[in-house]
1. With the Cα gyration tensor of the stretch A:1-154 giving a ≥ b ≥ c as the square roots of its eigenvalues, does the rule (a/c under 1.5 for rounded; else a/b larger than b/c for prolate; else oblate) give rounded, prolate or oblate?
2. Residue-wise, which Karplus ³J(HN,Hα) couplings in Hz belong to the stretch B:79-94, taking 6.51 cos²θ - 1.76 cosθ + 1.60, θ = phi - 60°, and x for glycine or proline?
3. To the nearest whole number, what is the average tally of beta carbon atoms from other chains within 10 Å of the beta carbons of peptide B:78-88?
4. Give the angle, between 0 and 90 degrees and rounded to the nearest 10, that separates the Cα long axis of helix B:98-108 from the longest principal axis of the Cα atoms of chain B.
5. Would you mind classifying chain A by shape? Square roots of the alpha carbon gyration tensor eigenvalues, ordered a ≥ b ≥ c; an a/c under 1.5 is rounded, otherwise it is prolate if a/b is larger than b/c and oblate if not.
6. Can you tell me how the stretch B:76-139 classifies by the Cα gyration tensor, rounded, prolate or oblate, using a/c under 1.5 as the rounded cut?
7. Using alpha carbons only, what's the Rg to Rh ratio of the stretch B:2-60 with Rh from Kirkwood?
8. Under the rule of at least 5 residues apart or a separate chain, name every residue whose amide H is placed under 5 Å from the amide H of residue A:192.
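Just so it is clear, none of the values below were taken in a lab; they were calculated from the coordinates. Note that the structure is predicted; figures quoted are calculated from it, not measured. Positions of Cβ are backbone-derived with ideal geometry, glycine not excepted, and every protein chain shown enters the neighbour counts.
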Amino acid sequence: MDIFSGLMSGFQVVLQPINFLYCFTGVFVGTLIGVLPGIGPTGTMAILLPSTFGVSPTAGIIMLAGIYYGAMYGGSTTSILVNIPGEAASVVTCLDGYQMARKGRAGPALGISAMGSFIGGTLSIIGLMFFVYTLAEVALRFGPPEYFGVMCLGMTTVIYLAKGSLIKSLVMALIGLIMGCVGTDAISGKLRFTLGISDLWDGIDLIPLVMGLFGVSEVLINIEKTLKTQRVVFETRVKNLLPSLEDWKRSIGPILRGSVIGFFLGIIPGGGAITSSFVSYSVEKKISKHPEEFGKGAIEGVAGPETANNAATGGAFVPLLALGFPPSSVMAILLGAFIIHGITPGPMLIIKNPDVFWGTIASMYIGNGMLLILNLPLIGLWVQVLKVPYSILFPLILLFTVIGCYSVDNRIFDILMMVFFGIIGYLFTKFEYEPAPLIMAFILGPMLERSFRQSLIMSNGNLSIFFIRPIAAVALALAIALYASIALGVFRKARVKVTEIQE
Amino acid sequence: MKKYDLITSIIWMGLGITVAIGSYRLKLGSLGNPGAGLMPFLLGISLSLSSSPILIRSLMTKDKERHESIWSGIEFKKLILVPASLIGYAMILEKAGFVVTTFLLLFVLFKIIGSRKWSFALITSALVVLLSYLLFVTLLKVEMPLGIWGIG
């Protein structure tokens with residue numbers, strides 16, 4: 001099937017009422033949690049994952065994807081109106097967006113972020129289609145050693161690009177891989193690390209783990225200090241949502257550049273929406289003719305990053321759909337959703353499940369259109385949502401996690417696991433350990449181990465199999481080079497510290 | 001961070017060694033026929049090795065100025081009550097049923113942790129129970145336990 005007819009069939013899938021409804025639900029919930037600080041797309045997707053069990057995989061995936069890119073639209077609203085990022089990817093939007101609002105230009109700021117998000121979102125879907133198509137062709141020829149190499153390289157970039165200490169990210173990834181080993185070994189049938197708990201025979205369940213690490217722990221972080229009962233919302237009436245011609249002239253460059261930056265950084269494992277918004281901001285500031293305006297309400301500083309973080313969501317789907325490799329923790333949950341629905345993303349997806357593949361892609365066009373309507377004419381609704389205090393919000397978040405978690409298997413054990421990982425996740429945040437590499441390693445662990453053991457069986461135990469096959473060799477060489485630079489970096493940091501003490 | 005890095009790195013090191021020993025017992029197999037323990041064994045070793053730089057760094061550096069403790073201004077009461085109320089929920093859910101348990105959970109969260117007024121907490125909890133019942137049980141057909149009173 002060529003791209004055009006594929007896309008057309010995809011639109012037919014999305015326009016079925018049930019899929020259309022789930023697409024709308026996804027982008028609506030996405031905008032909602034994007035607007036609300038204190039709950040992110042990762043936690044929300046985990047919470048709503050069980051509610052997709054009853055419907056077709058296509059509808060489920062469409063909804064979960066909608067939550068992700070919908071959150072990027074919603075996040076900017078909070079940044080601009082309250083100066084608090086609704087989403088981590090909207091942190092930079094606070095800089096100029098809030099300043100614009102203070103100057104009475106909240107309307108154009110909101111308008112240009114929605115427009116930019118729409119342009120970046122749609123452009124990146126076009127890029128996504130072509131890249132997935134080409135990459136999947138290549139990946140069809142991958143054997144276990146190639147998969148092993150590519151997964152190692154992907155994990156390494158995730159560790160490399162994770163925020164905070166590199167060595168701590170590495171530790172997190174290793175713990176994730178070890179946690180992935182828990183349960184019955186797929187090849188030998190032996191029980192591993194189940195600690196005598198029969199509920200662990202099938203391994204640690206993804207849903208309680210993610211809900212704990214990203215849902216419960218976020219609540220704990222938010223309530224640890226005295227709750228403010230009311231947020232200060234910028235109370236000027238939001239008007240003139242449509243940016244003027246002058247605004248457009250200044251924004252069109254940042255929007256186009258942001259689309260490209262976002263898309264390509266989205267593809268890179270560990271890159272993603274947050275990084276791309278920062279990169280876009282610094283690029284715009286650097287090439288601007290009037291960099292002194294940045295931070296004082298320059299529309300470029302809103303248009304670029306907001307476009308980039310949306311374009312990154314499209315890019316992130318490339319490795320997931322073409323290789324079955326999740327480049328971020330959000331995509332790891334989506335991968336989990338695919339697996340739960342009995343579908344393996346990867347090169348065979350286009351051939352085996354064309355309706356899921358093209359349906360998802362087409363839904364992103366439709367979803368971006370819905371978001372434009374949700375975020376421009378209906379902006380007043382979200383301003384009201386912003387006034388909901390956290391003391392009302394967090395009991396609801398917790399209730400949703402508990403019900404979602406329990407409803408998967410009707411197991412009390414899952415709730416207890418979730419609370420356990422919630423506490424662990426809270427401690428991780430306190431001690432500055434980033435949970436994203438752990439989740440990704442946890443999802444990839446079983447696949448990584450399978451490809452590793454299959455490769456060794458193929459080669460009769462000869463490790464050279466990883467270095468004589470070109471794709472595997474290049475991927476592993478790059479991974480090793482990155483590790484070497486991590487090691488040197490740690491050494492350098494340690495050295496600086498030592499000299500500091502000596503002085 | 002120094003003190004905490006020291007503690008966490010020792011925990012990771014211990015965990016890595018424990019995993020390696022456990023994996024060794026699971027049989028490593030050979031390279032040509034890798035056993036169940038091979039991968040976790042390598043991971044356990046890697047974990048204890050890669051936590052050593054954190055340990056060394058925390059031993060070598062001295063905190064120059066006194067940082068504000070990461071625990072300052074923290075309300076431990078809330079921090080303990082939230083997980084405790086969730087565990088409580090898990091414990092009585094199948095006995096008392098969805099409606100009763102959910103109401104109790106929400107009331108505790110709104111009243112004690114959210115510091116809301118009695119009347120507000122009571123009414124909101126009741127309302128949320130009703131709405132969540134309609135959403136999850138009626139609309140999404142999620143099966144929640146009925147409990148001994150047969151409601152929920």
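1. Since a/c reaches 1.5 and a/b is larger than b/c, the shape of the stretch A:1-154 is classed as prolate.
2. 4, 8, 5, 5, x, 4, 5, 5, 5, x, 4, 4, 6, 9, 3, 6
3. On the way: counts 6, 7, 1, 1, 12, 9, 1, 4, 12, 5, 0.
Averaged over the peptide's residues, the number is 5.
4. Once rounded, one gets 80 degrees.
5. Working: a/c = 1.38, a/b = 1.35, b/c = 1.02.
Rounded, because the longest to shortest axis ratio a/c is under 1.5.
6. On the way: a/c = 2.37, a/b = 1.25, b/c = 1.90.
Oblate, because a/c is 1.5 or more while a/b does not exceed b/c.
7. Details: Rg = 13.6 Å, Rh = 11.9 Å.
Taking Rg over the Kirkwood Rh, I get 1.14.
8. Excluding prolines and chain starts, which carry no amide H, the hits are A:183, A:184, A:185.
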